[in-house]
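Values quoted throughout were computed directly from the atomic coordinates according to the rules given, and no laboratory measurement underlies them. Note that the structure is a prediction, hence the values are computed from the model and not measured. Please note: Cβ atoms are built from the backbone with ideal geometry, for glycine as well, and neighbour counts cover all protein chains shown.
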Amino acid sequence: MKTKNIFLGSMLFGMMSFGTSCGGDLNVPEKNEDHSMHSHQSKDASEMQEATGKVFFTNVKTGDTLTNPVALVYGVEGMEVHPAGEIIEGTGHHHLLIGLDSVPAGQVVPADKNHIHYGGGQIADTLDLPSGNVKLSLQFADGMHASYGNKMSHTIEVFVK
Ligand SMILES: [Cu+2]
């Protein structure tokens with residue numbers, strides 16, 4: 001019930017945001033309760049909800065040799081996985097960063113071939129990785145893709161045959 005109310009609230013706010021300019025690149029460092037509701041843009045790290053937990057790859061670790069296609073399973077503790085689209089405290093979704101380190105807190109995770117979003121709430125994937133030594137970072141971010149930062153990130157280095 002609570003979730004549904006928040007969802008409706010963010011839908012309404014989303015519609016309003018389309019009608020107005022929604023502040024351009026304003027990054028006003030004020031503690032406004034409503035601020036998190038229109039954060040389709042990056043925000044200050046201080047505006048992020050407290051991230052209390054960790055993420056990790058459950059089936060691979062640094063030093064592993066992998067063969068394409070690689071199956072990866074993503075874990076999280078202290079927060080819950082929830083599909084993207086609404087901001088719900090204590091939740092977020094996984095991102096796989098290929099060849100990259102964590103995304104700073106508050107920054108929206110880019111969407112490109114090296115930043116894979118699991119906005120559906122997926123906790124696993126099977127994909128082809130570049131061969132050789134590859135750095136993989138798992139990054140948790142909120143419902144609007146704003147990174148929870150280094151604290152909710154985990155980086156490993158694997159070798160792909
Ligand atoms: Cu995302």
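Conditions (1) in contact (Cβ under 8 Å) with a residue 60 or more places away in the chain; (2) in contact with an Asp or Glu (Cβ under 6 Å, 6 or more places away or on another chain), marked per residue:
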residue	(1), (2)
87	yes, yes
100	no, no
105	yes, no
111	no, no
115	no, no
121	no, no
134	no, no
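Among the residues making up the range 90-115, those that are surrounded by 19 or more Cβ atoms within 10 Å (Cβ to Cβ), among the hydrophobic types (A, V, I, L, M, F, W, C) and within 13 Å of the ligand (Cβ to nearest atom) are 96, 97, 103, 109. Taken over the range 53-110, the residue count meeting the criterion of being within 10 Å of the chain's Cα centre (by Cα) and among the charged types (D, E, K, R) is 0.
When residue 74 is tested against (1) more than 10 Å from the ligand (Cβ to nearest atom); (2) not in a strand (DSSP E or B), only condition (2) is not met.
If I filter the range 134-148 down to residues being away from the ligand (no atom under 14 Å from the Cβ) and among the hydrophobic types (A, V, I, L, M, F, W, C), which single residue comes out as surrounded by the fewest Cβ atoms within 10 Å (Cβ to Cβ)?
134
Listed conditions (1) surrounded by 19 or more Cβ atoms within 10 Å (Cβ to Cβ); (2) among the β-branched types (Val, Ile, Thr); (3) more than 11 Å from the ligand (Cβ to nearest atom); (4) under 29 Å from residue 43 (Cβ atoms) are all met by residue 158, apart from (4). Taken together, 153, 131 contain a single residue that is in contact with a Phe, Trp or Tyr (Cβ under 9 Å, 6 or more places away or on another chain), exposed (fewer than 13 other Cβ atoms within 10 Å of the Cβ) and of a type in the set (S, T, N, Q), which is 131.
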